[in-house]
Structures are given as structure tokens and as C-alpha cells.
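The values are calculated or read from the model by the stated rules, or taken from the named source; none is laboratory data. Being a predicted model, the structure only gives us computed values, none of them experimental. Here Cβ is always computed from backbone atoms with ideal geometry, including for glycine, and neighbour counts include all displayed protein chains. Surface areas here come from the heavy atoms of the whole protein model, side chains and all, with no ligands, DNA or RNA. Shrake-Rupley method; radii C 1.70, N 1.55, O 1.52, S 1.80 Å.
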Amino acid sequence: MSTRTTRLAPSTTGDLHLGHARTFLLTWALARREGWRIVLRFEDLDPERATADSRDRTLDVLAFLGIDHDGDPLTQSADPAPYRAAMRRLAERGLVFASDLSRREIREAVAAPHAGGELRFDPALRPPPGPAWRFEDPARGRRFATPDVVVEFEDQLLGPQRTCPAEECGDFAVWTRDGLPGYQLAVVVDDARQDVTDVVRGDDLLASTARQRLLQLELDLPSPRWWHLPLVHDAHGVRLAKRNDALSIDTLRSQGATPERICGLVAWWCRWIDEPAPVEPRRLPDLASPERLREVAVLESDPDHRPRVEQETITWLCSG
Ligand code: GLU
């Protein structure tokens, strides 16, 4: 059995669109080609937006696209115990604190606006030593006391990466006011308990990777290899989001798009075929070698070469 495992980690907060289809198809194809295990995880910790309906539709879309997985899916909301254990461990080491400051208070507390535009929680805003640093009442938002260090890692597609989370975002959220794990903590705990060795995902999460690496170090968890794929953009050059209903796989499917055309579009975006043509999902693993994915990532690091959904793309997809 393979010692390597990747994962598909859809958030069950809306319908999957063409950008998800590309990321999931490439992850699946790479894993099937290389003989890795593929585990599935439903990221459903957003109490306002996650729904069971979205989970069912996600499963349906994955099956439609020919994407299978190994073993039983993990659903984050099913059991809070592993996340609480991780929080207790961080608290024992004096690394997490409760803070009720609003975004506005955090923004206004720091004189100079931060260059990257991201809200930065300055260490000066940490509470004094005392109860706020214990993890007794889970119904309070908590942040990780980010050490002031540079994090370096080798992205399997994008090459060497070097960032300083303390400068970028400062102390980031690891636990919400609703008493639930925040994204960064949940991903780290789950990637470890699902034995994930290779994380393939969109490059919108590149900045999160260094934060996750810091949590892994403090929790004595192994760091996986990371493969960040450039995201798909719309005709205006804006990355696809769940609000692009017209580009949801369900909508396209109801208008005649087939899995073969969607795979053909993905292969064409990657320049594995010279012009759009239907490709059977089971042929994708032959095309998705790590070397070819690397070539695509390098090419697409130029904004002019990012995959884009134009009107003619949709017309072609739905003309099968
Ligand atoms: N659930 C996230 C998403 O759907 C992915 C998280 C991850 O890959 O770490 O965008």
C-alpha cells in the first residue's frame, strides 16, 4: 500500500464551480497516477453557511466528474474532541489566548496600516498573563501567539517559499466565538489524523501554509508536502468564487456539460491538449505527471496565462 496520502477538502458552503473542478480533478489525477491514497474531508465548521444539502451536492458532483476516494469521509463537525485536545496542548504551552477585540478595534489599535491589506493582530494587543491564556471556556474566540520567525518551505509546484506570519497577520484566529475550531487549527489537526502527506490545493491558501506549519511545529505534528495550484479566473480576471452561480458544475451540467468536456477543458487549460476536446476522466491520470503540473504552475504564475472562463468556454462546455 502507498505510504502517501492526499485529500480532497471541500467546504460544504455552496456549490462547486469550475475552479474546484479543476483543483479536484488535478489532485485526483495526480494521486491516481502516483498510487497515493485519496481521503475526503467535509469542511463544515462554518455554522452559518455549511449545509447538509451542500454536502450531498458535493458528493454528487465528485461522482459526476469521475472522482473517487478511499475510505470513509471525515466530517469536521462530527467530533470536537480532537480540536479541543489540540487547543489544550497549545494552552499548556502558553501559546493561545482569548480575545474579544473586534476587527475594528484590532485595525485601529495599530498606527500604520499594514501593507498587504490583511488585518494584522499586533502582539501588543495580547492580554496580560492570567485566565485569558487558559482554555477553559471554549465559547470564546482565541488566537495563536505567533512567534516572530521566518517560515521557509519548498512548494512542490511553486518552488521555495519564505514568509513571516508574525508580520503578515500577527496572532491569527484558531478558535471562534461560536466555540468551534478556526480553519487553520482544524486543517492541521485533520491533515494529521487523516495521515495526509501531500496537500494539493489552490494557491489562495499559500499564505495559510506558513501559519499551518507553525501550528504543526508547536503540536509536534509532521508537515506534509504542499502543492499549490494557480486558481481559475473569470472573464474579468477575478478568481472564481461560490457566488459565480452560472459557473457552478450543477448549473453547467443542467445545460448539457459532460464530465468529458469538463476534463477536456482542464486538460486544455493545462496545455496538455492543443485545443478543447472531450477527454475521459480516466485518461487524466496519464496526463497529470508532477513534471507537467510543475510546468503548468510556472506558466500560470504569469497573470496573462491564468486559466480563464470566457463566454465561449461555457458555450463549448455545454455544446456536448
Ligand atoms: N475547504 C477549503 C476550500 O474548499 C480547502 C482547505 C484546504 O485545502 O486546506 O477552499
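So for the chain, taking the charge dipole from beta-carbon charges (+1 Lys/Arg, -1 Asp/Glu), which of ALA288, PHE153, TRP269 sits furthest toward the positive end?
About the Cα centre, the residue reaching furthest to the positive side is PHE153.
Can you give the % of DSSP beta bridges in the chain that are antiparallel, to the nearest 5?
On the way: 13 of 30 bridges.
Percentage antiparallel, nearest 5: 45.
³J(HN,Hα) across the range 180-187 via Karplus (A = 6.51, B = -1.76, C = 1.60, θ = phi - 60°), whole Hz, x for Gly/Pro?
Per-residue couplings from phi come out as 10, x, x, 3, 4, 5, 4, 4 Hz.
About its Cα centre, what dipole magnitude does the range 175-224 give when the only charges are +1 on Lys and Arg Cβ and -1 on Asp and Glu Cβ, stated in debye to the nearest 20? Present the calculation step by step, with values, prior to reporting the outcome.
Numbers: 5 positive and 9 negative charges, 31 e Å.
Value, rounded to 20: 140 debye.
So, with +1 on the Cβ of K and R and -1 on the Cβ of D and E, and no other charges, what is the size of the charge dipole of the range 228-320 about its Cα centre, to the nearest 20 debye? Working shown, then result.
Details: 12 positive and 15 negative charges, 66 e Å.
Dipole of the range 228-320, to the nearest 20 debye: 320 debye.
Sequence-distant or interchain residues sharing an amide H contact under 5 Å with LEU229, placed H: which?
ARG201, GLY202, ASP203
At 1.4 Å probe size, with the rest of the protein present, what percent of the exposed accessible area of the range 133-257 is carbon and sulfur atoms? Walk me through the numbers before you get to the answer.
Working: 2460 of 5140 Å².
Here carbon and sulfur together make up 48 percent of the probe-accessible area.
Please give the charge dipole size of the chain, origin at the Cα centre, charges +1 on K and R Cβ atoms and -1 on D and E Cβ atoms. Round to the nearest 20 debye. Don't skip to the answer; put the middle values down first.
Numbers: 42 positive and 52 negative charges, 100 e Å.
Magnitude of the dipole: close to 480 debye.
What are the residues whose amide H is under 5 Å from the amide H of PHE42, where those residues sit 5 or more places off or on another chain and H is modelled from the backbone?
LEU74, THR75, GLN76
Taking the highest mean first, how do the peptides 235-245, 214-224 order by number of other beta carbon atoms within 10 angstrom per residue? Display every interim value, and only then the final one.
Details: 235-245: 13.2, 214-224: 16.7.
Output ranking for 235-245, 214-224: 214-224, 235-245.
Hey, what number do you get for the chain at 222 nm if only DSSP H runs of n ≥ 4 count, each worth -39500 (n - 2.57), divided across all residues, to the nearest 500? Intermediate values should be presented prior to the final figure.
Working: 12 runs with 116 residues, N = 320.
Taken over the chain, the calculation gives -10500 deg cm²/dmol.
Taking the Cα centre of the range 148-257 as the origin and placing charges on Cβ (Lys, Arg +1; Asp, Glu -1), which of VAL174, VAL238, LEU217 is farthest toward the positive end of the dipole?
So the residue we want is VAL238.
Does the range 138-205 classify as rounded, prolate or oblate by the C-alpha gyration tensor (a ≥ b ≥ c root eigenvalues; a/c under 1.5 gives rounded; else a/b over b/c gives prolate, otherwise oblate)?
Details: a/c = 2.48, a/b = 1.33, b/c = 1.87.
Oblate shape, in that a/c is at least 1.5 and b/c is the bigger or equal ratio.
Does the range 84-159 come out rounded, prolate or oblate by the C-alpha gyration tensor, with a ≥ b ≥ c the root eigenvalues, rounded set by a/c under 1.5 and, if not, prolate when a/b is larger than b/c and oblate if not? Intermediate values should be presented prior to the final figure.
Values: a/c = 2.20, a/b = 1.18, b/c = 1.87.
Oblate, because a/c is 1.5 or more while a/b does not exceed b/c.
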